[in-house]
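Chemist: For reference, the structure I am asking about is given below.
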Amino acid sequence: MADKILGGRYRVQDKIGIGGMATVYRGSDEVLGRTVAIKMMLPQYATDESFAARFKQEAQAAAALQSPYIVGIFDWGKADDSYYIVMEYLRGTDLKSGIKKHGALDARKVAQIASQICSALTVAHQHDIIHRDIKPQNIMVQPDGNIKVMDFGIARAKNSHLTTDNSVLGTAHYVSPEQTQGKDLGPTSDIYSLGVVMYEAATGKVPFDGEDAISVALKQVKEEPVAPSKLNPKIDPTFEAIILKCMAKNPRDRFQTANELRVALTDFLAGRAVSFEGATTMMPAAPTRNMKIAGPGSTAQMAPIKTGENKRGGGKIPADTNANFGSKKPKWSTKKKAIVGGIIGVVALAILIPLIVLLIDSKAVINVVTMNKDEAVQAIQNTNYFEVGDIKESFSDKVEENKVMSQDPAAGMLRGRGTRINLEVSKGKNPGDSVVVPDLKNMTSDAALKALDAVGLKAVIGDPVADDSVEAGKVAQQNPAAGSNATKGDTVTINLSKGKDSVEVPDVTGYTSSSATKTLEDAGFAVAIGASQPSDTVAEGCVITYNPQGSQPKGTKITLTISSGTSVKDVPNVVGKSEADARALLENAGFSVSVTRSPSASVAAGYVISYSPTGRQSTSTVITINVSTGANGMRQNGSLLNSTLGNTGSGRIQAINANDAPGRIRIINANGAPGRIRTVDTHFRRVVLYPLSYRRIIN
């Protein structure tokens, strides 16, 4: 994917993230010269026509959102059967990572972040776009402390006519109750999710958790969250009330717009009274007062709590924040008051007497937290006063396995003889839902991602590796290994093959056969010796050439062609040699021989008249020798001169016709005039002709 150009202008660079729906790359806008983020949707989503149509409409809608707190969408398009979004490249870290690293954040900082998120949501809601996936992972905190809301690209416009489903796109920990039930969504759904984000950021924990997404979603619908101040006592009651109002189960009980919530957060940060417009909120707890135990007919006296005043936070809480405010108190008669007072007095005595007895015969509960389970049981039994109660085992990321995490009653509490002390013992870290890692070898990257997603695992693409047995571009290695156990949500690193480990074949031209073999084998290649060839430039026994050359996978067989020595030699002079001797002499010199034959008056039959070519020739050259058939067969005006000039007597020629009958020689000069024989030299076997009148010479 690296260096690929999308839309004719966006160059894909390195991968910076991968999720369930898309892979994100850092990229460069070649036209404007700026760094961008490119989100490439996974191919399996692009094949869904309804998704593709919705993607186009929603990308265009998200691009129209202009806010300093929304990540900018620059462009979108389609490439390689998938869709991509080009967006603003952000530097910083997401809010989820910040919470994991630092734990609970300062409440004022959380309120500032939430106020900026509200500004982003206000813009989106004004365009009838519901985000549907507000969560800390989608809140990018930049180096200057400001935030950017991401992933409006998967939001669905309220007026979208392309889909009728209300499928849950958000994460279970942050979705609103109506979202889990598939109901119509409005701005208040995003406000609920933002309330969960504020809850987690201020306490360090999500309000609802469970073994799986379904159990968490059910809690979103049915259970009330633990008050944030129970987890973090530093949380201001006013801010706590804002969070809980956002998380109301009924959308009508929440802030109705993101801007309304932003105003409330701004008032809180400024120290002004926060208006909740009639919503039910939690009142801050009243300070503890000394209480007098009255006798029959009287009541316990407590200092009244003033409505509209927040003693802990300094801000004002409207009178209607209490569910009972707004209703008139009934007027009781004196008689009724006396009756009720008597009843309360009796109840108070009934409670007080056992308390007095308990104080007389009670002991402080021993502390067994951090003990091993067996040690704790033994310690309780050794008191001969307390008894071992129920022992519950739970997972813990902080407490070592088999150690006591908590006890009930708590250490130091006064309890009577026989009190049962219940223990909660750690089972160690929560393994989550265990899955078996699938075998990804020889899969394409897309197939591997699908296989991992099917079992709830994530993927990270590592560096490519050389592998002789795996085709380039397919999975060669994985970690954890196939068949091992992992927890849902774990990450599997996959390394794609870049093919065989190819290296450059060393140049061994001119090396001796043994030296070339060692050099190639040391480089990881196999060696074979091919046919020898003559060479005029390479010494005998050395490498003329080798094949294949260039970059080759290790283990490739390299074939050597070895020189058999020089191929140019002097052609032996074979004139006058017998045919057999001439052939042997030439072949021993390395030449091939071809034979032609012709009559000769000067060379005896069977002997070489001439040869061609002569001089220095390549041994691949064929040498042609011309062998004499003797004087027999020489034609002169139709007659055959069958006898050779030899010892027939000086100056004598014997002429014989073809039929061996005596014949005659007709001597004609070169110009056609009659000629004569001057002499016949038997030593040189030469005939000299002189002009003379026409004669016949008959033996």
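The values are calculated or read from the model by the stated rules, or taken from the named source; none is laboratory data. The model shown is predicted, which means the values in this text are computed figures rather than measured ones. Cβ: placed from backbone, ideal geometry, glycine included. Neighbour counts: every protein chain shown. Only protein heavy atoms, including side chains, enter the accessible area calculation; ligands, DNA and RNA are left aside. Shrake-Rupley method; radii C 1.70, N 1.55, O 1.52, S 1.80 Å.
Chemist: Using a Förster distance of 51 Å, how high is the FRET efficiency between K4 and A528, based on the Cβ-Cβ distance and rounded to 0.05?
Modeler: My answer for the efficiency is 0.75.
Chemist: Additional query: Past 31 Å, Cα to Cα, is the threshold; run K427/K458; K148/K427; K96/K498 against it and keep the listed order.
Modeler: In this structure, K148/K427; K96/K498 exceed 31 Å between Cα atoms.
Chemist: Counting just the Cα atoms, what span does segment 430-523 cover along each of its three principal axes? Round to the nearest Å and put the largest first.
Modeler: Computed over the Cα atoms, the extents are 67, 23, 16 Å.
Chemist: How charged is the neighbourhood of K441? Take every other residue with its Cβ under 13 Å from the Cβ of K441, and add Lys/Arg as +1 and Asp/Glu as -1.
Modeler: -2
Chemist: Also, I was wondering about something else. Could you do me a favour and compute the accessible area per residue for segment 358-472, 1.4 Å probe, result in Å²?
Modeler: With all protein chains present, segment 358-472 gives 59 Å² per residue.
Chemist: Ignoring everything but the protein chains, give the 1.4 Å probe accessible area of I85 in square angstrom, nearest 10.
Modeler: 0
Chemist: Can you run the Rg to Rh ratio on segment 484-628? Use alpha carbon positions and the Kirkwood inverse-distance Rh.
Modeler: 1.43
Chemist: Within segment 357-453, which chymotrypsin sites (Phe, Trp or Tyr not before Pro) sit in a loop by DSSP and count at most 11 neighbouring Cβ atoms inside 10 Å?
Modeler: none
Chemist: Which trypsin sites (Lys or Arg not before Pro) does segment 428-505 hold that lie in a coil by DSSP with at most 14 other beta carbons within 10 Å?
Modeler: Within segment 428-505, the qualifying trypsin sites (Lys or Arg not before Pro) (loop, at most 14 other Cβ atoms within 10 Å) are K429, K488.
Chemist: Now for a different question. For K569, tell me the accessible area in Å² from a 1.4 Å probe, rounded to the nearest 10.
Modeler: Near enough 80 Å² of accessible area.
Chemist: How charged is the neighbourhood of A451? Take every other residue with its Cβ under 15 Å from the Cβ of A451, and add Lys/Arg as +1 and Asp/Glu as -1.
Modeler: With Lys, Arg at +1 and Asp, Glu at -1, the net is +1.
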